[in-house]
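First up is the structure itself, then whatever we jot down about it.
The values are calculated or read from the model by the stated rules, or taken from the named source; none is laboratory data. All figures in this text were calculated on a predicted structure; none of them were measured in a lab. When we count neighbours, we look across all protein chains shown, and the Cβ atoms used for this are built from the backbone with ideal geometry, even at glycine.
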Amino acid sequence: MSRHSIGALDTFPEGAGTKIEIGSATIAVFRVEDCVYAIADRCSHAEASLSEGELFGFEIECPRHGAEFDIRTGAVCSLPATKPVASYTTEITNGEVVLTIEDEASDE
Ligand code: FES
């Protein structure tokens, strides 16, 4: 497990995605009011960046074919994707967003 400070809360635009890279992980970060959520940036259906999608409440719509994922859990909410994406724990400490990456798990 590793923890990473990824920037001040105020630097993340509300209601939109931000792509960040930590080591080999590409992560889509979303701010909703004063909370931040993070999921894998790659859609589980095909090659597309979820940080470039449109956010509806807590659901991000893939910009390529329109599958939706819950940014709180990575769960898939609509076709054509059928598999979830990874989600990451975030917390805000003294105005800084801290993201935790658990030990690498193999893709299935
Ligand atoms: S690439 Fe995301 S729904 Fe197809």
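Being at pLDDT below 95 and charged (D, E, K, R) is the filter; apply it to segment 60-103 and report the residue that is farthest from residue 36 (Cα to Cα).
103
Do we have residue 23 as on the phi > 0 side of the Ramachandran plot and within 15 Å of the ligand (Cβ to nearest atom) here?
Here the answer is no, as residue 23 does not meet what is asked.
Please go through segment 80-97 and pick out each residue that is crowded, with 16+ Cβ neighbours inside 10 Å and either within 12 Å of the ligand (Cβ to nearest atom) or not in a loop (DSSP other than H, G, I, E, B) (or both).
Once the filter is applied, which keeps residues that are crowded, with 16+ Cβ neighbours inside 10 Å and either within 12 Å of the ligand (Cβ to nearest atom) or not in a loop (DSSP other than H, G, I, E, B) (or both), segment 80-97 yields 81, 85, 87, 88, 90, 97.
Residues of segment 1-52 being touching a Gly at 6+ places or on another chain (Cβ under 6 Å), among the aliphatic types (A, V, I, L, M) and closer than 23 Å to residue 65 by Cα, which ones?
The answer is 28, 39.
Can we say residue 108 is part of a loop (DSSP other than H, G, I, E, B), more than 12 Å from the chain's Cα centre (by Cα), at pLDDT below 95 and farther than 30 Å from residue 8 by Cβ?
yes
Which of (1) surrounded by fewer than 18 Cβ atoms within 10 Å (Cβ to Cβ); (2) in a loop (DSSP other than H, G, I, E, B) does residue 10 not meet, given it meets every other one?
The single condition residue 10 does not satisfy is (2).
Name the residues in segment 70-90 that are over 20 Å from residue 102 (Cα atoms) and of a type in the set (Val, Ile, Thr), would you?
76, 82, listed by residue number.
Residues of segment 1-47 being farther than 18 Å from residue 101 by Cα and β-branched (Val, Ile, Thr), which ones?
Selection gives 11, 32.
Name every residue in segment 42-79 that is under 12 Å from the mean Cα position of the chain (by Cα) and more than 11 Å from the ligand (Cβ to nearest atom), in order of residue number.
Answer for segment 42-79, where residues must be under 12 Å from the mean Cα position of the chain (by Cα) and more than 11 Å from the ligand (Cβ to nearest atom): 51, 55, 58, 59, 70, 71, 72, 73, 74, 75.
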